[in-house]
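Structure first, then comments.
We did not get these values from a lab; they are worked out from the coordinates using the rules stated. Only a predicted model underlies this, so the values are computations on that prediction, with no experimental measurement involved. As a convention, Cβ positions derive from the backbone with ideal geometry for all residues, glycine included, and neighbour counts pool all protein chains shown.
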Amino acid sequence: MLSRVADALFWMSRYIERSEHVARMLDVSFNLELDLSAVVPGSYDLHWMGLLNAMQQPASVVERYPDSSRRDALMQWFTFDGNNPHSISSCVTRSRANARGVRGSIPNEVWKELNKLYWQLRDEDFKKRATESPSEYYGAVEEGSHAVQGMCDALMAHDEGWQFIQLGKFLERFFITVRFVDVHNELLRELTDPADLPLANLHWAGVLRCCAGYHAYQRMHVGRVEPGRVLDLLLLNPGVPRSARFCLEAALKSLADMYGEGLSRRRTESKCERLLGKALSDLRYADLNALAATTDGLHIFLTDLLDRCTEASLALQEMYSV
């Protein structure tokens, strides 16, 4: 496969996946704010701080909108602002640009769906309604992402090009899930007072919803949301499609399937597979309870996983830039 095509398919997939995650996080945050205001009136900034930290954005971005409330400023920054590479607008635009460059390598239906989502989000009337009814706007992003991914799976030959799409999707999921879990574990671990239990439960339920794991959690566990169980599900559960373990296993499978198609093993490929395999092995056998019991144990462990998978992603890009 040409390196240009592989790169475009990889980033088309990563950007549309990122737009979906940002949309879900914003939608959950707005609803969580309503729930939190009923539990602790006037004190619900922690979930917005979690969103900023998870997306690696400074708190100072709210200063870009001096006439807006904190919530409205963050909505503008993460939804419409083209200067933010993680905004929904930026991600969908970049995903579409990558798809346009390789239209001959993707089904026409995939291009049409991505193009339709792009123009829908640029419609001024639809953007205005986003302020009044954010769930409608963010729901459209999630549905568009699901449609694009579903069409890729259903209509494309599962060859080398499709495997690059899978790699982009699952690596992006891994990064966002692990960052979100890490950030919120750091923010919420101090809420140990019994009086803070309702507040902590709402936040951990929000973490599950942001990572599309709430339904799976409720099917496995009856009762309140417990941090240890949330960590186990989002990091270690091999059957949850957005868990860290599921994503790493899927990424490694895509690499193995590409090799099976006859792609020659180069040094950079071996490095990528080795890094992801080592990260997966460490994750499978991690004692989360022991790590979480120490002050920075889990944070150090997850940061190391992210660093190794970042290195693996760079090695993958080197593989098809040669």
(request) Give me the number: length gained by fully extending Y285 to E143, i.e. 0.36 nm times residue separation minus the C-alpha to C-alpha distance, one decimal in nm. (result) 47.6 nm
(message) Using only DSSP helix segments of four residues or longer, with each worth -39500 (n - 2.57), what per-residue ellipticity at 222 nm results for the chain after dividing by its residue count and rounding to 500?
(response) -24000 deg cm²/dmol
(request) Based on the mean of other Cβ atoms within 10 Å per residue, sort peptides 226-235, 60-69, 17-26 so the most packed one is first. (result) 17-26, 226-235, 60-69
(request) With a 10 Å radius around each residue's Cβ, average the other Cβ atoms per peptide and rank 288-296, 137-145, highest first. (result) 137-145, 288-296
(message) At R0 = 25 Å, how high is the FRET efficiency between N31 and R70 if r is their beta carbon distance? Nearest 0.05 is fine.
(response) 0.95
(request) Averaging sequence separations of C-alpha pairs under 8 Å and six or more residues apart, then dividing by the length of the chain, give the relative contact order as a whole percent. (result) 23
(request) Pop out the ³J(HN,Hα) list for the stretch 56-72 in order, Karplus 6.51 cos²θ - 1.76 cosθ + 1.60 with θ = phi - 60°, rounded to Hz; leave Gly and Pro as x. (result) 6, 10, x, 5, 5, 4, 5, 6, 5, 10, x, 9, 10, 5, 4, 4, 5
(request) Could you calculate the contour length gain from D159 to M220, that is, 0.36 nm times the residue separation minus the distance between their Cα atoms, to one decimal place in nm? (result) 18.5 nm
(request) Under 15 Å Cα to Cα from K128, which aspartates and glutamates show up? Leave out anything in the same chain fewer than 8 places away. (result) D72, D81, E136
(request) Could you work out the equivalent-ellipsoid semi-axes for the chain, taking the square root of 5 times each eigenvalue of the Cα gyration tensor, largest first, in whole Å? (result) 32, 26, 16
(message) If I model a spin label at N115 and T131 as a point 7 Å from the Cα along the Cα→Cβ vector, what separation in nanometres do I get?
(response) 3.1
(request) Show which lysines lie in cross-link reach of K271 when reach means a straight Cα distance below 19 angstrom and same-chain residues fewer than eight apart are skipped. (result) K253
(request) Would you mind telling me which residue in H47, H215, H86 has the biggest mean-square fluctuation in a Gaussian network model of the chain, where springs connect alpha carbons within a distance under 10 angstrom? (result) H215
